[in-house]
Each structure stands twice: as structure tokens, then as C-alpha cells.
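Read the figures in this text as sums done on the coordinates, not as results from a lab. Here the structure is a predicted model, which means the values were calculated and not measured. Backbone-built Cβ (ideal geometry, glycine too); neighbour counts: all protein chains shown.
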Amino acid sequence: MNWILLIIAGLFEVGFASCLGKAKETSGAESAWWLVGFLLSLTMSMILLYKASLTIPIGTAYAVWTGIGAVGTVIMGIVFFKEPSDFWRMFFISTLIISIIGLKISSH
């Protein structure tokens, strides 16, 4: 169950990074709403990371959480913010995914 919470926490990390990106692109009330989304996503992400780390070692939990956030944010950047997706960028994102899977497999 705590691995599921950790994955959801990582997805909320993607959410808060994406909201931050959208807030940067907008202004006024629209930007304020994106910042509210940022704060809500940040809060949920931290709460779920804390709950997951009660049974998953903190080093593993934090690495998986940041990895999910990094991979998800790069994918969001490519899809929604028109960031580049060249070979080396995708190669290193793939190594992050492999590392996240490796941490899950090797944790006890």
C-alpha cells in the first residue's frame, strides 16, 4: 500500500511542477489559480511522501519520489510546454526509469 502512496506522491510532484510552469506562463487571476494548484499539489505530495516513508526506507522513498517527479515533469514539459525531446534527453530519462524500477525491486 505504501508503494502506491509513494507513486501517487510522485504524481503530485509532477502536478506541482506543472502548475508552477503554467503559473509562469500566465498572469493575474489565472496565474493565482495555478499557484493554488501548486500549493495543493505540493501539500499532498509531501503528506503522501511522509506516509510512505513510515515503512519504506527514506533513502529509497525519496529517490523514487524524485525520480517519478523528474520523469513525469520532463514528459509534461515535452507534451505541454514544447520542450525538446532529443536522443540524449530521452536516453537519460530512460536510465532514471530503470533506476526507479531497480530501487523498487531491490528494496526489502
key: Subset of segment 67-89 (residues that are in contact with a Gly (Cβ under 8 Å, 6 or more places away or on another chain) and either of a type in the set (S, T, Y) or over 11 Å from S18 (Cα atoms) (or both))   = G67, I68, E83
request  = Tell me which residues, restricted to segment 1-31, are over 20 Å from F81 (Cβ atoms) and of a type in the set (A, V, I, L, M, F, W, C).
outcome  = M1, W3, I4, L5, L6, I7, I8, A9, A29
query = In segment 58-88, how many are out of contact with any Lys or Arg (no Cβ under 9 Å at 6 or more places or on another chain), within 24 Å of S106 (Cβ to Cβ) and in contact (Cβ under 8 Å) with a residue 24 or more places away in the chain?
reply = 10
